[in-house]
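The values are calculated or read from the model by the stated rules, or taken from the named source; none is laboratory data. Quantities reported herein were computed from a predicted structural model and do not represent experimental measurements. Backbone-built Cβ (ideal geometry, glycine too); neighbour counts: all protein chains shown.
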């Protein structure tokens, strides 16, 4: 295809995928699935395993099974290279990529609550420092709130604005007063 740059080999694209460590599951899974699809080896994720080959299998049956088997094998190898050693023990026993992804899903679904707690603690401890500007401070807090929203922990915009104002140091007092006396939201 014209205009589309594809990697010349398998290793050129691996670096966009973070190693799965536990706190990055959603980003990891999204990127793994994107890359497997981009490399055209996601067939075994999208389709069930075809029936086992027999003496009466047709050429079409053989080709379909070989395509699925290749996809499964390469997907498994690719995924396992992007999982931290501390997680490998719980995922090594799987032979099918669908089962592997399901096991990883099951392992990290319960971590959403822990992640939400971690994000709430991070949000509550953030304060503006001289190293960063107000804009970056606000963007960082909005990013955490967006992550919490994805975890079904909702905060109103009004609460967030007041919370951010309360995290600003005392030298921003005139700014706070100006905001609070302004009629528009």
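Mind checking which residues of segment 34-44 are closer than 12 Å to residue 67 by Cα and surrounded by 12 or more Cβ atoms within 10 Å (Cβ to Cβ)?
Selection gives 41, 42, 43, 44.
Among the residues of segment 10-30, count how many are modelled with pLDDT under 55 and loosely packed, with under 10 Cβ neighbours inside 10 Å.
Going through segment 10-30 one residue at a time, the tally reaches 1.
So that you can scan it fast, the table gives a plain yes or no per residue for (1) modelled with pLDDT of 90 or more; (2) at positive phi; (3) buried (at least 16 other Cβ atoms within 10 Å of the Cβ):
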| site | (1), (2), (3) |
| --- | --- |
| 32 | yes, no, yes |
| 76 | yes, no, yes |
| 94 | no, no, yes |
| 110 | no, no, no |
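Any chance you could count how many residues in segment 70-106 are part of a helix (DSSP H, G or I) and more than 14 Å from residue 42 (Cβ to Cβ)?
As a first pass, look at segment 70-106 and keep what is part of a helix (DSSP H, G or I): 70-80, 85-91, 97-106.
Retained after the next criterion (residues that are more than 14 Å from residue 42 (Cβ to Cβ)): 80, 85-91, 99, 102-106.
Final tally of qualifying residues: 14.
Does residue 104 count as surrounded by 12 or more Cβ atoms within 10 Å (Cβ to Cβ), assigned by TED's automatic domain parsing to the domain that holds residue 20, under 30 Å from residue 17 (Cβ atoms) and touching a residue at least 60 places away in the same chain (Cβ under 8 Å)?
yes
What number of residues in segment 136-170 are at negative phi and not in a helix (DSSP H, G or I)?
Taking segment 136-170 as the starting set, the residues that turn out to be at negative phi are 136-151, 153-170.
Now restrict to residues that are not in a helix (DSSP H, G or I): 151, 153-156, 168-169.
Here the count works out to 7.
Residues being farther than 20 Å from residue 115 by Cβ and in contact with a helix residue (DSSP H, G or I) (Cβ under 7 Å, 6 or more places away or on another chain): count how many of those fall in segment 140-167.
2
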